[in-house]
Amino acid sequence: MTIDAVINTSTTDITDAEIFAAHEGGKLSVVSKMPLTSKRELSIAYTPGVAKVSRAIANDPGMHATHTWASRLVVVVSDGTAVLGLGDIGAAASLPVMEGKSALFREFGGLDSIPLVLNTTDVDEIVETLVRLRPSFGAVNLEDVSAPRCFELEEKLIEALDCPVMHDDQHGTAVVVLAALTNAARVVGKDFSAMRVVISGAGAAGIAIAEALLAAGVGDVVLLDSKGIISKSRADLGGIKSHYASITNRNALEGGTREALDGADAFVGVSSAKVDEAHLEGMNEGAIVFALSNPDPEVLPDVASRYASVVATGRSDFPNQINNVLAFPGIFRGALDARARRITPAMKLAAANAIADLVGEDLAADFIVPSPLDPRVADAVASAVQKAAVPEA
């Protein structure tokens, strides 16, 4: 997901000078919620008044959640190894992106958020750092961590921390894709159980999308990596790809994009691999194409629409923008509202359904998800997530 993807206007008229000027000094600041214009106000906000609150928290640790900002603070954590379309650029260069993500949490979710970029790519060191910092925040949004390390890092953080943790590149993407596919299937009149969905890209996003679609009842999922279809016949697979080879591709397809798309109902692109127009010809009637790579989709909408009934991208200048900002602000707010320890599959499914349901009677081939700027989205997602979290608490 790109930061400018939430803007509804074209970015072609934005100059480099304007961009650099806007980022000078960073995009974030800390503003006091309390006035500090008199000795009385200083005495309440800081010494001696603050000592009473600190003593109270020491005696009743539960007050930490009600009398500090930590319980509503999301830290956006990255090691800078998989930033946007830039790749491994390091922690310092990733900071402007993480500042932007924190700004999105405030604007769309009403949550305080700070970026935290770390000069280490060692999973255990990152976990140890966040465990030590745990009193300072209420939730962790992992961002732009390279695969397959991101899977191990998220799993270890979930076990080590008593607060919500989510890798947005994985699960935020999966939630919005599931919402979009739910409505696209309604448009073309197809049932999930009868569909074959091809996912190009078996990294963080692709794996999470496959997991979400299988959990939602999609009949068959076929994953593609840089070497072709992921199948049990491939001897070069290990780790999580080996696992997904055993639970996807039920027809044991082999080959590349052409073979995967022959007879497929939907395509989801989350890699930089381009799709040849000829490969789309073999898709079933009422096909669905989500070409989500930014800024260059795997196939342009005008080409995809020759063969597909519903086409979506990750860009704001085409219809059906599939963007993570529809999901993550509400998911985290709902989890924090519920005081949930974890963000569960049920909560993510509830988020996807809430996003899909917002479209309502306006559902059409060129309108399958609400706009990222729709003010209803975060509230609806947060409410659904909070309700889904109650049985898990």
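The values are calculated or read from the model by the stated rules, or taken from the named source; none is laboratory data. Model, not experiment: these values are computed from the prediction. A quick note on method: Cβ atoms are made from the backbone with ideal geometry, for glycine too, and the neighbour counts reach across all protein chains shown. The area values use the complete protein model at the heavy-atom level, side chains included, leaving out ligands, DNA and RNA. Shrake-Rupley method; radii C 1.70, N 1.55, O 1.52, S 1.80 Å.
Here are a few things to note about the model shown:
- Summed over the stretch 262-312, the residues that are surrounded by fewer than 17 Cβ atoms within 10 Å (Cβ to Cβ), hydrophobic (A, V, I, L, M, F, W, C) and assigned to a loop (DSSP other than H, G, I, E, B) give a count of 2.
- One residue from VAL127, VAL222, VAL140, VAL175 being crowded, with 22+ Cβ neighbours inside 10 Å and either assigned to a helix (DSSP H, G or I) or at pLDDT below 95 (or both): VAL175
- Criterion (under 16 Å from the mean Cα position of the chain (by Cα), closer than 22 Å to LEU349 by Cβ and among the β-branched types (Val, Ile, Thr)) met by exactly one of VAL197, VAL145, VAL188, VAL177: VAL177
- Filtered residue count, the stretch 356-370, keeping only those that are touching a residue at least 40 places away in the same chain (Cβ under 8 Å) and of a type outside the set (Phe, Trp, Tyr): 9
- The stretch 145-172: number of residues that are out of contact with any helix residue (DSSP H, G or I) (no Cβ under 6 Å at 6 or more places or on another chain), acidic (Asp, Glu) and open to solvent by less than 30 Å² (accessible area, probe 1.4 Å): 1
- Looking only at residues of the stretch 362-381 that are out of contact with any helix residue (DSSP H, G or I) (no Cβ under 9 Å at 6 or more places or on another chain) and among the acidic types (Asp, Glu), we find that the one that is nearest to THR313 (Cα to Cα) is ASP366.
- Selection within the stretch 14-51: residues that are closer than 30 Å to ALA92 by Cα and touching a residue at least 12 places away in the same chain (Cβ under 8 Å). The member of this set that is surrounded by the most Cβ atoms within 10 Å (Cβ to Cβ) is LYS27.
- Odd one out for ARG72, checked against (1) out of contact with any Asp or Glu (no Cβ under 7 Å at 6 or more places or on another chain); (2) surrounded by 10 or more Cβ atoms within 10 Å (Cβ to Cβ): (1)
- Per-region count, the stretch 98-120, residues of a type in the set (A, V, I, L, M, F, W, C) and either within 16 Å of GLY25 (Cβ to Cβ) or open to solvent by 30 Å² or more (accessible area, probe 1.4 Å) (or both): 6
- VAL275 in contact with a Ser or Thr (Cβ under 7 Å, 6 or more places away or on another chain) and at pLDDT 95 or above: yes
- In the set VAL369, VAL385, only one residue is under 19 Å from GLY189 (Cα atoms) and not in a strand (DSSP E or B); that residue is VAL369.
- Evaluated against (1) modelled with pLDDT under 95; (2) β-branched (Val, Ile, Thr); (3) open to solvent by 40 Å² or more (accessible area, probe 1.4 Å); (4) within 25 Å of VAL140 (Cβ to Cβ), ILE89 falls short on exactly one condition, (1).
- Residue that is without any contact (Cβ under 8 Å) to a residue 24 or more places away in the chain, outside any strand (DSSP E or B) and in contact with a Lys or Arg (Cβ under 8 Å, 6 or more places away or on another chain), where the choices are SER242, SER246, SER231: SER246
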